[in-house]
Amino acid sequence: MRRHAGSRGVRVRGLLLAVNAFALALPLGVVVGLRFFDDQLIRRTEAQLVSQGVLIAEAWREAWLDEQDIPHERMPRWMPEQAGDDRYFPIEPRARLSDGVLPAAAAPSQYRGDVGGPAWQAGRAVQPVLERAVRMNLAGARVLDELGCVVASSGPAVGACLGHLEEVQSALAGHYGVVLREREEQEPRPTLESISRRGRVRVNVAIPVFADGAVIGVVRMSRTAIDPAKALWFDRERILAAGSGCLLLIVGLSVFLSRSIAQPLQALTQSARRRAHGDDPAPPPRLSRFAPAELHEVSDALDHSLSQLSNRADSIAEFAANVSHELKTPIAGIRGAAELLADDWEEMKDEERERFLANVDADALRMERLVSELLRLARIQAGPDETREVDVRAQLRALAASYPGAVRMKVSDALPPLRIAPDHFDSALRNLLDNAVRHGAGHPVDLEAEPAQNGRVLLRVRDRGPGIRPGNQGRVFERFFTTERDRGGTGLGLAIVRAVAESRGGRVSFETGPAGTCFHLSL
């Protein structure tokens, strides 16, 4: 019995699509993830520079106010005029690689003016702080006056004018500025374990310093961004754990695909080979619910095919036995008559010769009918070579016309067309009509046709004969079973009707009684 796969399992194309999508998404995810990770490291560096720069800016502004003897409480406006909130003026990190990386800055010019103003004096006050802080945070810190010249620096850059730099120009205009530049490679890159950063991008931020709403200076901070390789090195334990998890996932996915596809397919192959050699009469192995739907369908189809092959083998064996039995009698008759004619031809009378020759002719005719009916049955069971839409109403009229006065028709006007081989349709109906006319005790035969469910057609052939004997009712569709062997019956007519019905997915049945017999044929 065929098992229907239904919605069991996942389709193979779905599994392959998922695996291919995973294989495609993995490198893309790594690329996107590294780019996002790189941006996050840059922003982390920027946030650190901003927090350090703000403190330096406040310290330098305090010193600038002290140099001018300006009471701090008289300078409440420490942010730009366009700031929307009087309490807060936050600076959010916004650097990203997609904005571009500029080449290293050109050499600055040197300041030649007066170095004794308040900005320079305040710079000298915070200079020691910057020199000490750089030893711990490794960030370059420079305080610039309103002209963009360095008045205090963590390195030897005092007096350099940086007003040509984009971030400084933005800060002098009252806006926070950040620029990414390529790192100047003056030394070998530090090792992964070193505290020094080994990235190729340097983050430069410029923070404006306000007093009473006006820009009085700029704090410029710079440091190389954390290199992704170094960040990964510091997090190597967690990365190794994640990599091990991914490896286990891949191994698990491979095992899953093997169990869901390869192993069931191998089991089906081995089962088919055993069945082909006759070693295993059992049905194909039962597949797990994780097996793809296609393998369930293959298993069902294999089970169905093997069952059909087994049934056909049994049918062929039975068929061969029946043919041998049915042909044995006419062959024996022909052979016996031929021997008698050959031995006693001269002694026989004309009447005897004619009787033996008539017997040979009758046996030969029976054999011819048997062979013809057997070929027709075999063709029907093998499947039609060509099918087309048949106008059932017109076909039934033509059949009834070949039995003048013996068939009465009652056919519905709503009959759908049938897609069937016309000669198969004609053979089935003609055998039913022949059978009904022979057993109808001379009464007319009723032929009815009406539409059934799912586009089918239901045909009825009813006779008014004495009915089928109870002992014969279970054998009427058997091949070579006939009660009219002496009148040339082959016993294949109703077998052909059943073969046509089964080839079209239909069925044939009958009702019988003393008032007659009615055959129901669904196509």
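Each value in this text was obtained by applying a stated rule to the coordinates, not by laboratory testing. This is a predicted model, so every value here is computed, not measured. Cβ placement follows ideal geometry from the backbone for every residue including glycine, while neighbour counts extend to all protein chains displayed.
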Long-range amide H contacts for Phe480: which residues qualify at under 5 Å (H placed 1.01 Å from N, peptide plane, sequence gap of 5 or more or a different chain)?
-> Leu492
For Cys149, other-chain or 5+-apart residues with amide H closer than 5 Å (H placed, Pro excluded) are Leu162
For the peptides 160-170, 414-424, 94-104, what is the packing order when you average, over each peptide's residues, the other Cβ atoms within 10 Å and list the highest mean first?
-> 160-170, 414-424, 94-104
Expected sort for 137-147, 332-342 on mean C-beta neighbours within 10 Å, highest first, is 137-147, 332-342
Place the peptides 390-400, 466-476, 431-441 in order of packing, highest mean first, counting for every residue the other Cβ atoms within 10 Å and averaging per peptide.
-> 431-441, 390-400, 466-476
Dipole size in debye (nearest 20) for region 384-523 around its Cα centre, Lys and Arg Cβ +1, Asp and Glu Cβ -1?
-> 300 debye
Compactness relative to 2.2 N^0.38 Å, alpha carbon Rg of region 389-433 = 1.12
Show the residues, 5+ positions off or on another chain, whose built amide H is closer than 5 Å to the amide H of Ser109.
-> Cys161
If one puts a single equal scatterer on every Cα of region 384-523 and applies the Debye formula without solvent, what log₁₀ I(q)/I(0) results at q = 0.14 Å⁻¹?
-> -0.62
